[in-house]
Amino acid sequence: MEDRKIEFDLTHPAGIKHVLAHYGFLAKKAFDQNFLIEPHIVQATISALGKIHAARVVEVGAGLGVLTSELLHRGAKVRAVEVDREMAVILRERFGLNPQFSLIEDDIRHVDFSLIERPWKFVGNLPYSITGQILRILTEMENTPERVVLMMQKEVAQRLCEKVGRLSKLAVIIQLWGTVEIVVYVRARSFWPAPRVDSAVVRLLPGKRPARWKEIIRFVKIGFASPRQTLKNNLTAVYGTHARGIERIFETVGIPQRARGQELPVQKWIELERQMADM
């Protein structure tokens, strides 16, 4: 079924201004609303999702529906999540008659993903202020999507892909959860209004989570509790009088006594947590 047409070019600032004026709406800083106006970024984002014909796709921050429209055109079953009631009005008018489209008018952090039928994919332009929260939700949910493609701040994307020596807590968790790669960088002027930072489209491919996954996440958080401290000091602060045991475990696992969390190879966290659990 065709979309209801809004006769404005949503790949140009003038078109976005016209459609917002048509409804009497404004772009809201509170929701980090920056509308993508580069068609080739839309195409790169959708290509990163892989095969989408008849696929179930959850789209976060659908906004004016630029990505939504292309997903539906390619045959995806789209469940859009949009917290802004004004954007929801536009989405319903554009796509409400399409049986392949449904709308969840809510904060993405409150959505019950366990209700989504498998397999499914996750895509969207996240509010940059909650990127870390959404990534943590993804790694902790039981109903894991088969593929995730997200727009995020360029520097955040680069940190997720860092290797040993520069790893952050979130990078360790994400890389234990699956593989991560940057699909394409996105200039600030690819949006209207233009944000103050450049962005990147990131693809995440979840793998098989290690055993004791929740315990490993908690363990990594302990290891990065004070990033400037050594890993051993962070662990000792929690495990207390077992400090000498920690030293022996470091020797067994092959970790330097003065290592910091950012210096530990990702897979070493699994072995270290197992050894510490048995201490």
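The values are calculated or read from the model by the stated rules, or taken from the named source; none is laboratory data. Note that the structure is predicted; figures quoted are calculated from it, not measured. Here the Cβ is made from the backbone with ideal geometry for all residues, glycine too, and neighbour counts use every protein chain on show.
Kindly establish whether VAL197 is within 30 Å of HIS40 (Cβ to Cβ), in contact (Cβ under 8 Å) with a residue 60 or more places away in the chain, assigned to a loop (DSSP other than H, G, I, E, B) and touching a strand residue (DSSP E or B) at 6+ places or on another chain (Cβ under 9 Å).
yes
Test ILE174 against the criterion of being surrounded by 14 or more Cβ atoms within 10 Å (Cβ to Cβ), among the hydrophobic types (A, V, I, L, M, F, W, C) and within 28 Å of PRO256 (Cβ to Cβ), and give yes or no. Write out each step before concluding.
Numbers: surrounded by 14 or more Cβ atoms within 10 Å (Cβ to Cβ): yes; among the hydrophobic types (A, V, I, L, M, F, W, C): yes; within 28 Å of PRO256 (Cβ to Cβ): yes.
Yes: the conditions hold for ILE174.
Would you please name the residue that is surrounded by the fewest Cβ atoms within 10 Å (Cβ to Cβ), looking only at residues in segment 121-139 that are among the polar types (S, T, N, Q) and out of contact with any Pro (no Cβ under 9 Å at 6 or more places or on another chain)?
Selected residue: SER129.
Based on this model, can you work out whether LEU160 counts as at pLDDT below 95 and closer than 17 Å to VAL201 by Cα?
no
Which one of these is in contact with a strand residue (DSSP E or B) (Cβ under 9 Å, 6 or more places away or on another chain), basic (Lys, Arg) and surrounded by 13 or more Cβ atoms within 10 Å (Cβ to Cβ): ARG209, ARG274?
Working: ARG274 fails: in contact with a strand residue (DSSP E or B) (Cβ under 9 Å, 6 or more places away or on another chain).
Result of the check over ARG209, ARG274: ARG209.
Please state which one of ILE246, ILE270 is assigned to a helix (DSSP H, G or I), aliphatic (A, V, I, L, M) and closer than 25 Å to ARG209 by Cβ.
Checking each option against the conditions leaves just ILE270.
Out of segment 37-64, which residues are small (Gly, Ala, Ser), over 19 Å from the mean Cα position of the chain (by Cα) and within 26 Å of TYR23 (Cα to Cα)?
Those that are small (Gly, Ala, Ser), over 19 Å from the mean Cα position of the chain (by Cα) and within 26 Å of TYR23 (Cα to Cα): none in segment 37-64.
Go through segment 138-191 and give me each residue that's of a type in the set (S, T, N, Q), part of a strand (DSSP E or B) and over 20 Å from VAL42 (Cα atoms).
THR179
I need the full set of residues from segment 50-69 which are in contact (Cβ under 8 Å) with a residue 12 or more places away in the chain and within 13 Å of LYS121 (Cα to Cα), in order please.
Scanning segment 50-69 gives GLY50, ILE52, HIS53, ALA54, ALA55, ARG56, VAL57, VAL58, GLU59, VAL60.
Each row is one residue, and each column tells you yes or no for (1) modelled with pLDDT of 95 or more; (2) of a type outside the set (Val, Ile, Thr); (3) under 23 Å from GLU140 (Cβ atoms).
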{"position": "LEU204", "(1), (2), (3)": "yes, yes, yes"}
{"position": "ILE217", "(1), (2), (3)": "yes, no, yes"}
{"position": "GLY223", "(1), (2), (3)": "yes, yes, yes"}
{"position": "GLN229", "(1), (2), (3)": "no, yes, no"}
{"position": "LYS232", "(1), (2), (3)": "no, yes, no"}
{"position": "MET279", "(1), (2), (3)": "no, yes, no"}
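Exactly one condition in (1) under 27 Å from GLU273 (Cβ atoms); (2) more than 17 Å from the chain's Cα centre (by Cα); (3) of a type in the set (A, V, I, L, M) is not met by LEU204; state its number.
All conditions pass for LEU204, except number (2).
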